[in-house]
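Shown next, in structure tokens, is the structure this report addresses.
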Amino acid sequence: MQIEFSKASASLNLAAAKKPSITGATRLETQPTAVSLKTGLQAPLADPLWLLARQWQFNEFQGEDAGTPLVVKFAVNGRPVDSFRAGHDAQQPWETLQPGGVPLEARVEAEAAWKTHPRLRGEAGLQALRMAPNAAVRSALLDAYALRIDPPTDPDADHAGLVWSTLFDRRTVDAAKLLADLAPLADANGRLASLPAALNVAVGDVDAARSMLEAWLAWAGQLVYEGKAASGPNPSWRPERMEYAFSVASGTVGLTSDEYTDGHVDWEDFRATALPAQAAPPAPPAQSFAVARRHPAPVRYPGMPAERYWEFEDADVNFAGAEAGVTDLLRLTVTEFALTFGNDWFIVPVRLPVGALYDVSAFEVTDTFGITAHPGPIQVAGPAPWTMFEVSADVNLQGTLRHAVLIPDSLDGVQEGAVLEHTLLARDEMANLAWAIEKKVQGVSGEPLDRELEAKGLAFHQQIQFDSGPQSPQLVYRLATPVPANWTPLLPVRDPRFNPDTALVIQLARAGMKRFYPEASVEVIGVSDPDYETFLVLLDAQDNFIERVAIGAELRAYVFYPRGWLLRRDPTQPMAADDTLVIEEEEVPRIGASLKRKFQYARSSDGRSWLWIGRSKVAGRGEAASELRFDVAVNKTTLR
């Protein structure tokens, strides 16, 4: 030790010598010396208190001391949904829903299939020819009900129509006509009182032909479902919204779906309203389902975190690495459920008939300590605009449908066929218009044809010859730039129900695109052009969607209309004056909408198969660019 004296301060300082040191860390690792890994995997601890301290750090001692549920007893009350009303008009009559009847999806979506699909009629007619008892009956069927499919006016665009019209024309039976003649002659059991008057069969073949036609009628009658659309338009389809609307009811409780578009009916598609007693269908009798004993099972899902600290996880999902912002409430809720409350949920399966409103009337739980409890439903603090599995209801029904769940008689696993028709609704901000762009429509055989390919064939650009002299014009004036033939304008119009005291309402009216062509005479175009003459003949021949308008002696005007069932009442006939279509403006948002028609196939819960044609509506692809411009000058070097 060193001692220092300071005379100035008259104090004594003691300074100890510092010894050098090294700071380090020790890492404990297992070093197995045995051949087996059993001892290392056991991870034994010499101090059990250390494990208790880790449990204390992870708040495992802050439990509720609650027992695990072992036995659950409950009762469910159900009110069957037994009435159906198509559309959104309250004046439509209610129809009775029979158990095991037509599923909701098919009942709502089904539209005419025999009328719009000649190939379907021909293939069903081939089945009748195969079932014919002999050649004489087969010849009689062909003579009376031969299918006629005219070849397409534009074979280059409708290849499938050319093939099927060549194959089926007067070589098979028209199933739709045969069904129409057989239906009035059949009784409730499908027995035919006589043969159709148009069918000329020998006396000796009458019984065999009647037996065959009865079997074919039973088969063809269940082949495709059309519903009310067999005799007219589908009453559930709202063309102004391009959506389906329908209602079901259980007594004075009406369940309305005004925006059904996705092809699957579920509880979130409905909103409950109170029906007047005089307008409501008869109330169905309530049913009670008592469950005397069930064993609840913990809820499990892929990637679920381990319940205890020392359990090994599969690392499929890393909830701790979930990134969320202050507005990502859904992601935060899922993460909180998985990490904190994931092991607090149990599930009890119960089988209930579909097509009813259910609520739990009694619930009893017995846990591992033998304690019996009667828990109630979760009570939401304050008004909640939406709750899981609970149908939204108006003020008059919030108490009646409190904690009630709807299990509709819907289909699962619907198989979709090829797209028969596809139309895009899009906005064009540069042209200040909205467009209905037909991608696919049904041809003469019912099979789809590519309208974009057809539009290229219907495009005609006037060819102007320029000389190379200095006085030759360098610019060509265009009244309007051409737009493809499959683009139909949707013009903004004022709602006819306009009220000066309310805001102005704009709708989109389907229109036609007018195009002008010079006559093919030498006096007008200066030369003889056979290709141009053929082109004009093609325009005149397709009068179902191209209308010629009188304009002058040396000029022709044609109006191009859509040719699909989504935008027309009957595209197989010329455009009628009363065939109008007005779409609500909000149904064509900036992202657009995609409309499709296609065959749907599914099996109901009783095992029956259902085939129908339905429509769907999903979000589109964004804005469109038609390149439509008026009063423009085009450089001759870029003129097409």
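It is to be established whether one or more residues within region 105-112 are of a type in the set (D, E) and touching an Asp or Glu at 6+ places or on another chain (Cβ under 9 Å). Spell out the reasoning first.
Here is the first cut: in region 105-112, the residues of a type in the set (D, E) are 105, 109, 111.
Narrowing further to those that are touching an Asp or Glu at 6+ places or on another chain (Cβ under 9 Å): 111.
Yes, that holds for at least one residue.
Where residues in region 558-586 are of a type in the set (A, V, I, L, M) and assigned to a loop (DSSP other than H, G, I, E, B), which of them is nearest to the chain's Cα centre (by Cα)?
Checking each candidate, the answer is L566.
Residue-wise test of (1) under 26 Å from T572 (Cβ atoms); (2) crowded, with 20+ Cβ neighbours inside 10 Å; (3) outside the structural domain of P562 (by TED's automatic domain parsing).
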site	(1), (2), (3)
R427	no, yes, no
W435	yes, yes, no
K440	yes, yes, no
E452	yes, no, no
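I need a count of the residues in region 312-361 that are farther than 30 Å from S83 by Cβ and hydroxyl-bearing (S, T, Y). If you could, list the steps in order and put the result at the bottom.
Filtering region 312-361 down to residues farther than 30 Å from S83 by Cβ leaves 312-348.
With the extra rule that they be hydroxyl-bearing (S, T, Y), the set shrinks to 327, 333, 335, 340.
Total meeting the criteria: 4.
Out of everything in region 594-637 that is outside any loop (DSSP other than H, G, I, E, B) and small (G, A, S), what residue ends up being farthest from G446 (Cα to Cα)? First the steps, then the outcome.
Looking only at region 594-637, we keep the residues that are outside any loop (DSSP other than H, G, I, E, B), and these are 594-603, 609-619, 630-635.
With small (G, A, S) added as a condition, the list becomes 594, 602, 609, 614, 616, 619, 633.
Working: S594: 21, A602: 21, S609: 22, G614: 15, S616: 19, A619: 26, A633: 43 Å.
This residue is A633.
Looking at region 174-191, is at least one residue buried (at least 16 other Cβ atoms within 10 Å of the Cβ) and more than 16 Å from W114 (Cβ to Cβ)?
Yes: one or more hits.
Just checking, does region 243-251 include any residue being of a type in the set (S, T, Y), modelled with pLDDT of 85 or more and under 30 Å from L179 (Cβ atoms)? Let's see the steps before the verdict.
Just the residues of region 243-251 that are of a type in the set (S, T, Y), to begin with: 244, 247, 250.
Checking which are modelled with pLDDT of 85 or more leaves us with 244, 247, 250.
Now restrict to residues that are under 30 Å from L179 (Cβ atoms): 244.
Checking region 243-251: at least one residue is of a type in the set (S, T, Y), modelled with pLDDT of 85 or more and under 30 Å from L179 (Cβ atoms).
Can you confirm whether A373 is buried (at least 18 other Cβ atoms within 10 Å of the Cβ), aliphatic (A, V, I, L, M) and over 29 Å from I583 (Cα atoms)?
no
Restricting to region 333-352, count the residues that are in contact with a Gly (Cβ under 9 Å, 6 or more places away or on another chain) and either without any contact (Cβ under 8 Å) to a residue 24 or more places away in the chain or under 20 Å from E390 (Cβ atoms) (or both).
1
In region 591-604, is there at least one residue being loosely packed, with under 12 Cβ neighbours inside 10 Å and farther than 30 Å from T153 by Cβ?
no
Is there a residue in region 603-611 that is of a type in the set (F, W, Y), touching a helix residue (DSSP H, G or I) at 6+ places or on another chain (Cβ under 8 Å), within 30 Å of I407 (Cβ to Cβ) and in the same structural domain as W435 (by TED's automatic domain parsing)?
yes
Could we say that A176 is part of a helix (DSSP H, G or I), aliphatic (A, V, I, L, M) and under 30 Å from the mean Cα position of the chain (by Cα) here?
So A176 fits the description; yes.
Which numbered condition trips up G254, out of (1) crowded, with 21+ Cβ neighbours inside 10 Å; (2) free of Cβ contacts under 8 Å to residues at least 40 places away in the same chain; (3) more than 17 Å from Q92 (Cβ to Cβ)?
(3)
Could you pull out every one of the helices (runs of 4 or more DSSP H) wholly within region 90-155 that has 2 or more residues that are surrounded by fewer than 22 Cβ atoms within 10 Å (Cβ to Cβ)? Steps first, answer last, please.
On the way: elements: 104-109, 118-131, 135-145.
Here the list reads 118-131, 135-145.
Just to check your reading of the model, which residue among V414, V354, V350, V391 is surrounded by 11 or more Cβ atoms within 10 Å (Cβ to Cβ), in contact with a His (Cβ under 8 Å, 6 or more places away or on another chain), of a type in the set (V, I, T) and modelled with pLDDT of 80 or more?
V414
Take the residues in region 501-524 that are outside any loop (DSSP other than H, G, I, E, B) and among the β-branched types (V, I, T); name whichever of them is farthest from A553 (Cα to Cα).
I506
Could you tell me whether S594 is without any contact (Cβ under 8 Å) to a residue 12 or more places away in the chain and hydroxyl-bearing (S, T, Y)?
Answer is no for this residue.
Picking from D314, D328, which residue would you name as being more than 30 Å from V618 (Cβ to Cβ), surrounded by fewer than 16 Cβ atoms within 10 Å (Cβ to Cβ) and free of Cβ contacts under 8 Å to residues at least 12 places away in the same chain? Full working, then the answer.
On the way: D328 fails: more than 30 Å from V618 (Cβ to Cβ).
The match here is D314.
I need the full set of residues from region 200-255 which are small (G, A, S) and in a loop (DSSP other than H, G, I, E, B), in order please.
A202, S231, G232, S236, G251
The values are calculated or read from the model by the stated rules, or taken from the named source; none is laboratory data. What you see is a predicted model, and the numbers here were worked out from it, not measured in a lab. Backbone-built Cβ (ideal geometry, glycine too); neighbour counts: all protein chains shown.
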